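Below: one structure, written as structure tokens.
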Amino acid sequence: MIRSRQNWAWVVAGVGFVALVGAAAFRATPGALIEPLQREFGWSTGTVGFAVSVNLMLFGLTAPFAAALMERLGVRKVVASALTLVAVGSGLTVLMTAAWQLVLFWGVLIGLGTGSMALAFVATITGRWFVKHRGLVTGILSAGSATGQLVFLPVVAAVSESSGWRTACVVVSVAALAVVPLVLLFLREHPADLGVPPYGGDEVVPVPPAAGGAARTAVRALAGAARTGPFWFLAAGFAICGATTNGLVGTHFIPAAHDHGMPTTTAAGLLALVGIFDIVGTVLSGWLTDRVDSRVLLAVYYALRGASLLVLPQLFQDSVHPSMLVFIIFYGLDWVATVPPTVALCRQVFGLSAPVVFGWVFASHQIGAAIAATAAGIARDHFGNYSSTWYAAGLLSIVAAFLSMRIKRSPALAGGPEQPSGDLTTQRTGG
């Protein structure tokens, strides 16, 4: 009976996966709807890119406060509220007639909602419910967040072309809202609520006392982490990660392909293929994180990503060729592979503060994505193509590889790939 209750960890992980996919549904829409919005309203790529940037920025900055709020109010309440906000924001999008409304609905409302369902949620679930297979589960949940976004792309693009972009937004709203009952029925807060240890653990972990204010908890975690070298190397590398995935490829790949004559639905299908291979790459990365030095994994992932982006401008054509398929498969395997080793490093260095600290590291990811989304749009408007952005992203990825290796070993890191660590006061060096 106890083992059966302990296996509830997999139920929680499953519900978390579905919730992350539901929250990711709306994040799939910007790249597929840039062209329809431009046709109807005449907005520039930079204008639409700015709305996406606001979304990405708030998506990141909300994460550490949401992680702290989960500690105070509970995961179930925060996640259900976040999915409802995503559904409401997506539904209101069909009423917009001006650019400022695009920023409000796409940027502010959806940014706050999806930010509360960011990867800090992944760190919270894995930290509470798993001792064994933490890296693997982190990989699976991370794949849910990114893959949900990419797999929805062809659906959004097809519905937009057949029934209009407003219908596509309604479909996304319904998808997010449909997940709320699952969260309320099956998501549990702590293994101790069921009287069992975390999966793979030997002892029941007492439920920690509720933290103070969520804002105070988030700011205190940042203040402590900011005095350490590992935090800044992780944050800088993850900012580049965000710029080269969500900000650039996730937002601008479809219009970039369309510039070369490729149909929007075909380009959306390629990004969906990225999402499929992302599942394989991220789960494999989680498995490797349980066994290999996370710093080495990050350096390899970033270096390979940089190399692929440097050759991408030569691969665009009006139809899909084998060389583009090779890029899509390769890039898909690497898309979110960086998340499991980054979460593991946060856990090793920052101990019990890891979910909130990772929320801040993830905020840097989204800040990088926001800058890239706007900058790429402006570059397209100015130069008439995206070539300069692909080259810049490739070089930045190689810089991220060097930053990852600059994270020096500490007593916590020297113990192995997934050893728990002490608190922040013992981690003042690293750069």
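Values as computed for the structure displayed
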read-out: Dipole of the chain [Lys/Arg +1, Asp/Glu -1 at C-beta], most positive-end residue of LEU248, VAL75, ALA303; value: VAL75
read-out: Cα point-scatterer Debye curve for the range 221-265, base-10 log of I(q)/I(0) at q = 0.17, 0.19, 0.32, 0.34 Å⁻¹; value: -0.59, -0.65, -0.98, -1.03
read-out: Which of ALA363, HIS382, PRO64, positive extreme of dipole for the chain (C-beta unit charges); value: PRO64
read-out: Surrounding net charge for GLY127, when Lys and Arg each add one and Asp and Glu each subtract one, Cβ distance under 9 Å; value: +3
read-out: Convex hull volume per residue in cubic angstrom - Cα atoms of the range 149-203; value: 91
read-out: Convex hull (Cα only) mean projected area of the range 306-378, reported in nm² to one decimal; value: 6.3
read-out: Estimated dipole of the chain in Debye, rounded to 20 [Cβ of Lys and Arg +1, of Asp and Glu -1, Cα centre]; value: 1020
read-out: Built amide H within the under 5 Å cut-off of PHE130, gap 5+; value: TYR199
read-out: Alpha-carbon radius of gyration plus Dmax, which is the widest Cα pair, for the range 65-143 in Å; value: 15.2, 51
read-out: Signed unit charges on C-beta, dipole axis of the chain, positive-most listed residue LEU109, THR289, ALA221; value: ALA221
read-out: Computed lengthening from GLU40 to GLN314, 0.36 nm per intervening residue step minus Cα-Cα distance; value: 95.5 nm
read-out: Overall form of the range 367-410 per C-alpha gyration tensor (a/c, 1.5; a/b vs b/c); value: oblate
read-out: 10 Å binning of all Cα-Cα separations within the chain, expressed as whole percents from 0 upward; value: 5, 24, 34, 25, 10, 2, 0
read-out: Total charge dipole magnitude, the range 172-289, about the Cα centre, Cβ charges on Lys, Arg, Asp, Glu only, Debye to nearest 20; value: 380
read-out: Probe 1.4 Å, protein heavy atoms only - accessible area per residue of the chain in square angstrom; value: 37
read-out: Cα-based helix-to-principal-axis angle, 45-73 vs the chain, degrees rounded to 10; value: 20
read-out: The chain - percent of accessible surface contributed by carbon and sulfur, probe 1.4 Å; value: 69
read-out: Angstrom value of the Kirkwood radius, inverse mean 1/r, which spans all Cα pairs in the range 248-373; value: 15.8
read-out: Kirkwood Rh, angstrom, the range 59-209 [1 / mean 1/r, Cα pairs]; value: 16.8
read-out: Dimensions in Å of the range 186-261 - Rg and Dmax from alpha carbons; value: 20.7, 60
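The values are calculated or read from the model by the stated rules, or taken from the named source; none is laboratory data. What you are looking at is a predicted structure, and each value in this text was computed from that prediction instead of being measured. Methodologically, a virtual Cβ is constructed for each residue, glycine included, from the backbone with ideal geometry; neighbour enumeration extends over all protein chains shown. For the accessible areas, the whole protein counts, side chains as well, though only heavy atoms, and no ligand, DNA or RNA atoms are used. Shrake-Rupley method; radii C 1.70, N 1.55, O 1.52, S 1.80 Å.
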